[in-house]
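The values are calculated or read from the model by the stated rules, or taken from the named source; none is laboratory data. This one's a predicted model, so the numbers in the text were calculated from it and none came from an experiment. We place every Cβ from the backbone using ideal geometry, glycine too, and count neighbours over all the protein chains shown. Just the protein is used for accessible areas: all its heavy atoms, side chains included, with ligands, DNA and RNA removed. Shrake-Rupley method; radii C 1.70, N 1.55, O 1.52, S 1.80 Å.
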Amino acid sequence: MVLEVGTRVLCRWRDGKHHPVKVIERRRLNSGDYEYYVHYTEFNRRLDEWVRLEQLDLDSVENDVDEKVEDKVTGLKMTRHQKRKIDETHVEGHEELDPASLREHEEFTKVKNIATIELGRYQIETWYFSPFPPEYNDSSNLYFCEFCLNFMKRKEQLQRHMKKCDLKHPPGDEIYRSGTLSMFEVDGKKNKVYAQNLCYLAKLFLDHKTLYYDVDLFLFYVLCECDERGCHMVGYFSKEKQSEESYNLACILTLPPYQRKGYGKFLIAFSYELSKKEGKVGTPERPLSDLGLLSYRGYWTRVLLDILKKHKGNISIKELSDMTAIRAEDILATLQALELIQYRKGQHVICADPKVLDRHLKAAGRGGLEVDVSKLIWTPYKEQG
Amino acid sequence: MSRLSFRPRPLDIHKKLPILKSIKDFEDDDTPTSTRTQMLRLVAETDNDTQVHQVAIKKTVSEIPTPEYVIVDTYERDYSPTFNQPASYLRARGARAEIGDFVEYDLDNEDEDWLEEFNSDRTILPSETLEVIIFKLEVFDHKARERAGVIAPTLGTHVPVLLTFDAAIEALQALSIQYGIFQSIYSYWREKRERLHKPILRRLQPPPPVNDTNPYNVFRPREKAHRLHTRRMQRRENSVQSFERLRQVRRNLDQAKSLLEALIKREERKRDVVDNEVLLQRIQMKFKNDTGLLEDSLALPEMPSFQSKFVSSEDEYMESDDLPPNRIRLRFQPHGPVDSRVIIPSAGVIKQEIRPRPAPHTWLHKLDPLEPILLFTKPLVPEKLAAAGIVPPVDSPIPSARGHNFRGRIGRGGRIVFDRWNPLMHTPIDCGDQLYMPPKPRISALH
């Protein structure tokens, strides 16, 4: 039996249960059988994967004939079905893209080109498509040097590379060290190949990152855990050298093996500490992914509510912004989402009942690793010689 | 959320907001006043409830599932434990391209396959050597293109190979590779390089043009980079030209500065003049209000309020009664029409009835005997003038009630001056006086 693209069916997932999927693509194996690239409609696209026919519950097949016809439709004219298609593939974090560019994005990136990567100690399943040079398209596994981030198609190539590789840490200045944790600042202009490698790698885990423009205008802040083998990247964020929209962060990523350890929160906090040193307010570039939004909401909530708990007397949003380097709009959005700003007797007031604040703080989760500002030795880019 | 009945005003981020520390502050003053608000509250609360419920459901799934990872078992062999972290923060060294020794190229699958076939079980050529040679060929080819001036700023159709076989042999002499082997490598490299249409080494590949829509062609130069060509950035070039330009700018600014300083000085002077004029007008007004009676504007300077040693009080004038009766006049309006024959009484204005005009000669007698008499304080004596042959200018021919009398005086420099215009009051001299009157009291009073 051969399924058509667009078929809706139940598929056995890694939890052993069957989940509804939609067939996005299919390809013929050497054996003559097909394997199918499916999207789990309950989950984010990052879980899309190639499956064999055995994993599918063929009794549940539901052929979507309309969809098949539509797949041949080119151009950006939207039908109701296409709209639905996009609506359901995208649950969160994509609201800021218009349907046309979203569809273009989907079409080009609908199937992950690289399935897994090896980076240092870990072999990691990728999340999204990344536009590696076409020479790498025939390889579903890539081997990255964990220090200079060069990528290769064969393990032997990596092993040969490791014998000559002269790096044990990111090729920039160390600007922070606390315990085994170090932060490096890498200038995209001075270390172009490294920065490009980092972008190719990061795109595998970021849906709406664009590699459209060059890395010259960015600084990359690479967070590492250090041991006797070197400084191992756990995550990074990038930042425009000069942002006209007052962005203090462009892309942020914690590599999957290091997730849920508080590194993402550390990176966010770090980006605001840099803004404070620059004497500016900042905000992350949009759109934020589902995970990104969660982390940012948590950070803003923790920082703002901690202040409100201690603060005596009245306070304006602007003052909060000056204290935290968080943009006023983000403060408003956070406090309003928590319903802490209320309109009462013709004026806005902030509700700071300790019990309410504690409940929100608990929901926001723990703060993760603290940034020790005394260990940050850094000159803003503008002031560097 | 509890208020559904009206739309709150937009929030001003600069406005200080009260912080309510207790939820009671919210609820107490929110006592429902009518069943309608009660109902609204209920609606709001159920709304909130369902929202909380939804959030709670979401929270349980908030563990967003992500793809997985495993540990690589060869890791500890692949990466050697040879890193010694220095005590100080690590500093960036130059990029690999600047260091020079590092072989930036890693063999790809194609190279490995070719090499395997080339070696065919014997090791004629180690992988590392091939890596070095391909790397060097790339670098020398790039240099050849640089010398020829054909480095494309962006990726066009085809980046030509300029490194010839002979030039390559010469450049790579130091590696002492057998001619035949080198020939094979060169043609393999050249074939691969031509097929790719661009350098093999990624660092040397030109970026795609800005308008390239191929999604695989990434890292385009950003339009923003062109901002470098704005005037502001151009001036930052560190050249003799910009030095001269900046010097010129400095000169211009210095000139502008001194010009402005002079301007300020001028304006200050102007202000002083105006201040003095105002002061004078005030004094004039004061005098007129105090006395209410004046002979004419010429008498103004003889203000009794001046605490001068020459004129200490108006009583001194009262002593002299040798004034001709025809010179006694009434005046109460500073700017009103002046007519010696008309007396205009006005309520509350005339404070003193008639004031005798002080005689010039008596005035002189009042001088402090110790005070030296300045020449220009002396009145002119018409007889002496006549004796010296000085004739005062004749009256203006313009027919008028009073005519224009010239007033003679001795100037500060000792010259004899005939005024037709009172320089201080900007009024014509004479206000109907027929007789010559010396202006000495004014000068002495101000002296």
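Out of curiosity, is A:E4 at pLDDT 60 or above, open to solvent by 50 Å² or more (accessible area, probe 1.4 Å), farther than 26 Å from A:G292 by Cα and not polar (S, T, N, Q)? When the stated conditions are applied, A:E4 passes them.
Within the stretch A:172-194, being closer than 23 Å to A:R229 by Cβ and not in a strand (DSSP E or B) holds for A:G172, A:G179, A:T180, A:N191, A:V193, A:Y194. Which of the residues spanning the stretch B:110-129 are open to solvent by 60 Å² or more (accessible area, probe 1.4 Å) and within 18 Å of B:R190 (Cα to Cα)? Residues satisfying the conditions are B:E110, B:D113, B:E117. For A:A250, the conditions (1) open to solvent by 10 Å² or more (accessible area, probe 1.4 Å); (2) at positive phi; (3) more than 12 Å from chain B (Cβ to nearest Cβ) all hold with the exception of (2).
Looking only at the stretch A:213-235, which residues are within 28 Å of B:T213 (Cα to Cα), of a type in the set (F, W, Y) and open to solvent by less than 10 Å² (accessible area, probe 1.4 Å)?
A:F220
Scanning the stretch B:81-107 for residues that are at the interface with chain A (Cβ under 7 Å from one of its Cβ atoms) and under 20 Å from A:K163 (Cα atoms), we see that the one that is nearest to the chain's Cα centre (by Cα) is B:A95. For A:H169, state whether it is part of a helix (DSSP H, G or I), facing another protein chain (nearest Cβ under 7 Å) and farther than 20 Å from B:Y69 by Cβ. Taking the combined requirement at face value, the residue does not satisfy it.
Of all the numbered requirements in (1) touching a strand residue (DSSP E or B) at 6+ places or on another chain (Cβ under 9 Å); (2) under 22 Å from B:R203 (Cβ atoms); (3) within 9 Å of chain B (Cβ to nearest Cβ), A:K192 misses one, and that requirement is (1). Where strands (runs of 3 or more DSSP E) fall entirely within the stretch A:110-164, those with at least 2 residues that are in contact with a strand residue (DSSP E or B) (Cβ under 8 Å, 6 or more places away or on another chain) and more than 7 Å from every other protein chain (Cβ to nearest Cβ) are at A:116-119, A:141-144. Annotation: of all residues in the stretch A:343-361 being more than 7 Å from chain B (Cβ to nearest Cβ) and open to solvent by less than 20 Å² (accessible area, probe 1.4 Å), the one that is modelled with the lowest pLDDT is A:R344.
For A:G264, are the conditions met, namely being touching a helix residue (DSSP H, G or I) at 6+ places or on another chain (Cβ under 7 Å), buried (at least 21 other Cβ atoms within 10 Å of the Cβ), under 30 Å from A:L198 (Cα atoms) and more than 9 Å from chain B (Cβ to nearest Cβ)? In short, yes.
Residues in the stretch B:130-145 that are open to solvent by 60 Å² or more (accessible area, probe 1.4 Å) and over 55 Å from the mean Cα position of the chain (by Cα): 1 in all. Per the listing A:E106, A:E88, A:E135, the residue uniquely at pLDDT below 60, out of contact with any Phe, Trp or Tyr (no Cβ under 8 Å at 6 or more places or on another chain) and open to solvent by 20 Å² or more (accessible area, probe 1.4 Å) is A:E88. Looking at this structure, is A:D216 within 12 Å of another protein chain (Cβ to nearest Cβ), touching a Lys or Arg at 6+ places or on another chain (Cβ under 7 Å) and either in a helix (DSSP H, G or I) or touching a residue at least 24 places away in the same chain (Cβ under 8 Å) (or both)? Criteria met by A:D216. The residues listed here are A:L340, A:L376, A:L335, A:L305; of these, the one that is crowded, with 20+ Cβ neighbours inside 10 Å, touching a helix residue (DSSP H, G or I) at 6+ places or on another chain (Cβ under 8 Å), within 12 Å of chain B (Cβ to nearest Cβ) and within 30 Å of A:K209 (Cα to Cα) is A:L335.
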